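The values are calculated or read from the model by the stated rules, or taken from the named source; none is laboratory data. Keep in mind it's a predicted model, so treat the numbers as computed, not measured. Note that we place each Cβ from the backbone using ideal geometry, even for glycine, and neighbour counts take in every protein chain shown.
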Amino acid sequence: MRNNLEILPESIKEILVSQGIKELTPPQEKSIEHGLLEGKNLVVSSPTASGKTLIAEIAILNNYFKQKKKAIYLCPMKSLANEKYESFVKKYPFLKIALSIGDFDKVDAYLQEYDVIITSNEKMDSLLRHGARWVRNVGVVIVDEVHLINDLSRGPTLEVLITRLRKMLLEEQFIYLSATIRNDVELSKWLDASLVKSDFRPISLIHGNFFLNKIVYEDNTERILDFGVSDEESLFKDTLMKGKQIIFFLTSRRNTEFLAKKLANSINEEIGSETLKKLESVSEKLLNILETPTTQCKLLSDVVKKGVAFHHAGLLMEQRNLIESAFKNNLIKCICATPTLAVGVNLPAYRVVVRDLKRYNGYGSDWIPVLEYAQQAGRAGRPGYDTKGEALTISRTEEEQKAIFERYVRGENEEIYSKLSAEPILRTHVLSLISDLFARHKETLLDFFKSTFWAYQFKGDTELENKVLNVLDELIEWGFVETEKENYVCTSLGRRVSELYLDPLSAHRILSSFNNLNNVKLNEVSLLQLIVNCVEMHHLLRVSSKDYPLITRLISEWEQNLLIKEPSPFDYYYENYLSSIKTVFAFIEWINEKDDEYLRKNFNLAPGILRSMLFISDWLLYSVGELAKIVLEAEERKKVISLVRELRIRMKYGVKRELLELISLKGIGRKRARKLFNAGIKNLHDFLTNEKTCKELIGEKTFERVKKSLSKEE
C-alpha cells in the first residue's frame with residue numbers, strides 16, 4: 001500500500017504519524033475521497049477492525065482545527081463509551097474530552113466546556129430532554145454501530161435520536177459507522193449520506209468448521225486435530241500450542257460457565273509458570289470483589305488460575321473489567337462468553353469459535369442471524385499480533401456442516417429494519433417531542449415521524465401514524481399532554497415524566513397507585529411493588545409451580561401494604577403479577593441482609609443481574625419521590641419521600657433499617673456494619689467513643705481511615 005497520509009492536512013497527519021500510523025487503510029482513504037474532510041455525511045460500512053474508529057477521529061480532529069466546534073461520539077453501550085473515552089484521552093491530550101453516561105436526570109451543564117463528548121445513545125437522548133444548549137455548537141456527530149437500529153431494545157431510541165439531531169443540526173456533519181449490512185444503500189439514502197463500503201480487513205479472516213477431529217476451511221484446506229478429547233478441548237489445546245488466544249461464543253450464562261470449567265480442568269500445561277503466577281493475582285482479585293464470595297465468584301477464580309474465564313451479564317462490572325484486562329495482556333488464554341461481548345469492548349483473539357448457532361426463541365431453537373455471527377466472527381485476528389484470524393464453528397453431522405457453510409460463510413448479512421413501531425418507545429418519544437416544543441401540532445409531530453427510518457422503509461404504511469395518534473390520546477388521558485386550540489402542550493407533570501426518562505405508562509401506574517395511599521399501610525413492600533410493576537423493570541423473576549404456596553402466603557401477609565391488588569387468576573396479567581410479588585420478595589430478602597450467594601441459590605439472581613436490577617430500582621424509586629413532590633399533599637408527600645430516601649440507601653447497601661447510620665460511614669460495608677452493630681456499636685457516637693472495640697472488630701487501619709474521612713467531612 002502506498003503512503004497516502006499526504007492527502008491529510010498537515011496538522012492531522014503529524015498527530016497520526018506520532019501515533020505510529022504510517023498509512024491509511026482503504027476505507028479510510030475512501031472516506032476522504034467521499035468528502036470526510038469537506039464535512040460530508042458518510043455511512044462507513046466495513047468489517048470489524050478495518051479502521052472505522054480512525055475515520056471518526058479524523059472527522060473530530062478536522063472539525064476541531066477548522067471550526068473549533070464540539071464533537072459528539074454516540075455509543076450503544078456504556079462499556080464501549082468507557083473504552084473510547086480512555087483511548088481518546090491517551091491519544092489526544094490537547095482535546096478536552098468528557099464522558100457522560102450517568103444519571104438521566106442531570107443537565108450536565110459542564111459539558112459546555114468540552115471539545116468532545118462521548119456518551120451513550122440513551123444519555124444523549126436524556127440530555128436533549130433537559131435542553132442541553134451546547135448541542136447547538138456541535139460540528140460533527142459520530143454514530144457508532146448504527147446498524148443497531150435493527151435491535152428491538154436499543155434501535156428505536158437510536159433512530160429517534162438520529163432523526164432529532166439531524167433536524168437540530170441541519171448543516172453539520174454526521175459520520176455513521178456500521179458493520180456490513182445488505183441494505184446499506186437504503187440506510188445511507190435515508191441518512192442523506194455517501195456510502196463508503198469496503199470489505200478490507202488488516203488481518204485476513206478465514207472461516208472454518210470443525211467436525212470429526214478436522215477443521216475444514218472455506219478454501220477447502222483441512223487440518224486434523226486428533227487429541228482424543230472433546231471438540232472444544234481440541235480447539236483450545238491447538239490454540240495454546242500456537243501460543244495464541246481463543247474466544248468461545250455461547251448462547252447462555254450457564255453454557256459459558258460449564259465450558260470454562262471443562263476447559264480449565266482439562267488443559268493448563270501449555271501455560272508458562274510466570275503467566276500462572278500472574279493469574280494467581282488476578283484470581284485473588286476476582287474472588288474478593290464481594291464482601292462474601294459467591295459460588296460463581298469461586299468458580300471464576302478457580303478457572304482463571306488456569307488461564308480460562310467466563311464472561312456474561314451475571315458477573316459484576318469490576319469482574320468483567322479484570323477479565324478483559326487480563327485477556328488483553330495475554331494472561332487469560334480463553335474466554336467463554338455470551339454474545340454481548342461481540343458488541344462491547346474491543347477484545348480480539350487469534351481464534352473465535354461461535355459454538356452455539358441456534359437460540360431458543362420461546363417455541364423452539366432457531367438459527368442466529370448472519371449479522372450476529374459476523375459480529376462474533378469479527379473478533380478473530382489481533383492487529384499488531386496476527387497476520388490472520390480464524391472464525392470457526394462446530395457441527396455434529398455432515399449435513400449440518402454444509403448448512404453452516406451455506407448460511408454463515410457464503411451467505412449475506414441480513415437487511416436491517418426499523419423497530420420504531422414498538423409502543424413503549426413511541427410513548428416516551430412522543431411525550432419528549434411535545435415537552436421540548438419540538439412538535440406542538442399534530443402535523444409537525446407526524447412530519448417528524450415521517451423523517452424516520454420506519455417511514456422511509458414502509459412508505460404509505462399508516463401503522464406508525466395510527467400508533468402515534470393512539471399514544472397521543474393516552475398521554476392526554478393520563479394528564480401529561482393538553483390541547484390548546486390546535487396545539488399540544490405538555491403539562492408540568494408530563495414535562496417532569498419526560499425529564500425522568502420514564503415510560504409514561506410507568507408514570508401513570510405510579511400516579512394511579514398514589515390514589516390508594518390512604519387504603520394501605522405504606523412501607524418498603526408498597527414502594528417495591530410499585531417499581532417492579534414499571535415497564536423499565538423488565539427482569540422480573542420467573543415463577544415455577546413450587547413457588548405458588550410461598551407467593552400466596554406473601555400476598556396474604558402483605559395485603560395491607562400492597563398498592564396494586566391481586567387480579568383475577570383468569571386475568572391476562574395474573575402470571576406477571578405473581579412474578580412481580582416474587583421479585584419484591586427477592587428485594588426484601590436483600591434489604592434484610594441476605595447475601596449474594598443466598599439470592600443466587602434461591603432466586604437464580606447472579607450478582608451482576610442483581611446489581612443491574614438495583615440500578616434500575618434506584619432510578620425508579622427516585623422517580624417515585626419526584627412525582628410525589630408534584631401531585632401529593634404535604635403529609636402524604638413527606639411520608640412517601642422519607643420512605644423513598646431510606647429505601648434507596650437500604651437497596652444500595654442491602655441492609656436493615658437499623659444499620660443506616662453505620663453504613664453512612666465511608667469504608668464500612670454491610671458486613672462490617674453488622675459486626676459493629678451486633679457488638680453494641682449502633683451509631684456514630686458509639687463508633688467514636690469505643691475506639692478499642694472498633695479496632696478489634698474492623699481492624700486498626702480501617703478504623704483510622706474511617707475516622708480520617710469523618711474529620712474531612714466535618
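Tabulated data for the structure shown
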read-out: Check on S234, buried (at least 16 other Cβ atoms within 10 Å of the Cβ) and small (G, A, S); value: yes
read-out: Single unsatisfied condition, N265 versus (1) crowded, with 18+ Cβ neighbours inside 10 Å; (2) not in a loop (DSSP other than H, G, I, E, B); value: (1)
read-out: Residues within region 454-487 that are under 27 Å from L170 (Cα atoms), in contact (Cβ under 8 Å) with a residue 12 or more places away in the chain and in contact with a Leu (Cβ under 7 Å, 6 or more places away or on another chain), tallied; value: 4
read-out: S421 assigned to a loop (DSSP other than H, G, I, E, B) and under 22 Å from R129 (Cβ atoms); value: yes
read-out: Selection count, region 634-676, where residues are in contact (Cβ under 8 Å) with a residue 60 or more places away in the chain, β-branched (V, I, T) and over 26 Å from R705 (Cβ atoms); value: 2
read-out: Unmet criterion (only one of (1) crowded, with 23+ Cβ neighbours inside 10 Å; (2) touching a helix residue (DSSP H, G or I) at 6+ places or on another chain (Cβ under 6 Å)) for A349; value: (2)
read-out: In region 621-644, the residues that are polar (S, T, N, Q) and either on the phi > 0 side of the Ramachandran plot or crowded, with 18+ Cβ neighbours inside 10 Å (or both); value: S623
read-out: Region 130-156, residues that are touching an Asp or Glu at 6+ places or on another chain (Cβ under 6 Å) and surrounded by 23 or more Cβ atoms within 10 Å (Cβ to Cβ); value: I149
read-out: A374 vs. criteria touching a residue at least 40 places away in the same chain (Cβ under 8 Å), out of contact with any helix residue (DSSP H, G or I) (no Cβ under 9 Å at 6 or more places or on another chain), within 15 Å of R201 (Cβ to Cβ) and buried (at least 19 other Cβ atoms within 10 Å of the Cβ); value: no
read-out: Any helices (runs of 4 or more DSSP H) falling wholly within region 438-478 and containing at least 3 residues that are aromatic (F, W, Y); value: 453-457
read-out: Among residues of region 236-262, those that are assigned to a helix (DSSP H, G or I), touching a Lys or Arg at 6+ places or on another chain (Cβ under 9 Å) and of a type in the set (F, W, Y), counted; value: 1
read-out: Total residues in region 403-412, condition part of a helix (DSSP H, G or I) and farther than 16 Å from D356 by Cα; value: 1
read-out: Condition met for Y73 (hydroxyl-bearing (S, T, Y) and free of Cβ contacts under 8 Å to residues at least 40 places away in the same chain); value: no
read-out: Any hit, region 193-206, residues being modelled with pLDDT under 95, of a type in the set (S, T, N, Q) and in contact with an Asp or Glu (Cβ under 8 Å, 6 or more places away or on another chain); value: no
read-out: Members of region 325-346 found to be touching a strand residue (DSSP E or B) at 6+ places or on another chain (Cβ under 8 Å) and not hydroxyl-bearing (S, T, Y), listed by number; value: A326, F327, I332, K333, C334, I335, C336, A337, P339, L341, A342
read-out: Residues that are out of contact with any Lys or Arg (no Cβ under 6 Å at 6 or more places or on another chain), of a type in the set (A, V, I, L, M, F, W, C) and buried (at least 19 other Cβ atoms within 10 Å of the Cβ), drawn from region 645-662; value: L647, M651, L659, L662
read-out: Residue within region 270-288 that is modelled with pLDDT under 95, of a type outside the set (G, A, S), under 26 Å from L80 (Cβ atoms) and in the same structural domain as A377 (by TED's automatic domain parsing) present; value: no
read-out: Answer from I97, I117 - the residue that is touching a residue at least 40 places away in the same chain (Cβ under 8 Å) and buried (at least 16 other Cβ atoms within 10 Å of the Cβ); value: I117
read-out: Single residue of D199, D192, D184, D151 found to be acidic (D, E), closer than 18 Å to L37 by Cα and either out of contact with any helix residue (DSSP H, G or I) (no Cβ under 6 Å at 6 or more places or on another chain) or not assigned by TED's automatic domain parsing to the domain that holds M124 (or both); value: D192
read-out: K467 being farther than 28 Å from I588 by Cα and surrounded by fewer than 20 Cβ atoms within 10 Å (Cβ to Cβ); value: yes
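Results for (1) of a type in the set (A, V, I, L, M); (2) within 25 Å of the chain's Cα centre (by Cα); (3) more than 21 Å from I641 (Cβ to Cβ), shown as yes or no for each residue.
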| residue | (1), (2), (3) |
| --- | --- |
| S526 | no, no, no |
| H539 | no, yes, yes |
| R553 | no, no, yes |
| Y574 | no, no, yes |
| I581 | yes, no, yes |
| V584 | yes, yes, no |
| N592 | no, no, yes |
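The rows are residues; the columns are (1) of a type in the set (S, T, Y); (2) under 30 Å from T444 (Cα atoms); (3) surrounded by 19 or more Cβ atoms within 10 Å (Cβ to Cβ).
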site: T163; (1), (2), (3): yes, yes, yes
site: D184; (1), (2), (3): no, yes, yes
site: A193; (1), (2), (3): no, yes, yes
site: K197; (1), (2), (3): no, no, no
site: E222; (1), (2), (3): no, no, no
